[in-house]
1. Tell me, which residue of region 1-47 that is basic (Lys, Arg) and part of a helix (DSSP H, G or I) is surrounded by the most Cβ atoms within 10 Å (Cβ to Cβ)?
2. Filter region 48-63 for residues that are loosely packed, with under 11 Cβ neighbours inside 10 Å and assigned to a loop (DSSP other than H, G, I, E, B) and give the result.
3. What about Leu66, is it surrounded by 10 or more Cβ atoms within 10 Å (Cβ to Cβ) and not polar (S, T, N, Q)?
Amino acid sequence: MTNIDTVERLVSEMTPAELVEFRRWFAQFDASAWDREIEADAAAGRLDELAERALAAHSVGHTTKL
């Protein structure tokens, strides 16, 4: 049995209250992982080209106010 299989089994056996708590925990866990990934990409320069393209589009008026 893989870890995924184990997690799937455990989640399927949770009570509704446990699912609420698990969803809350996982949302925070996932957001933190995403933040770390974005920070690593930014530090490594992997977002530089996207930022440059966005700034160039903005400078010629190809953006709209939110």
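1. Arg23
2. Val60, Gly61, His62 - these are the residues of region 48-63 that are loosely packed, with under 11 Cβ neighbours inside 10 Å and assigned to a loop (DSSP other than H, G, I, E, B).
3. no
Every read-out reported here was derived from the displayed coordinates using simple, explicitly stated rules and does not represent laboratory data. Keep in mind the model is a prediction, meaning the values are calculated, not measured. Here the Cβ is made from the backbone with ideal geometry for all residues, glycine too, and neighbour counts use every protein chain on show.
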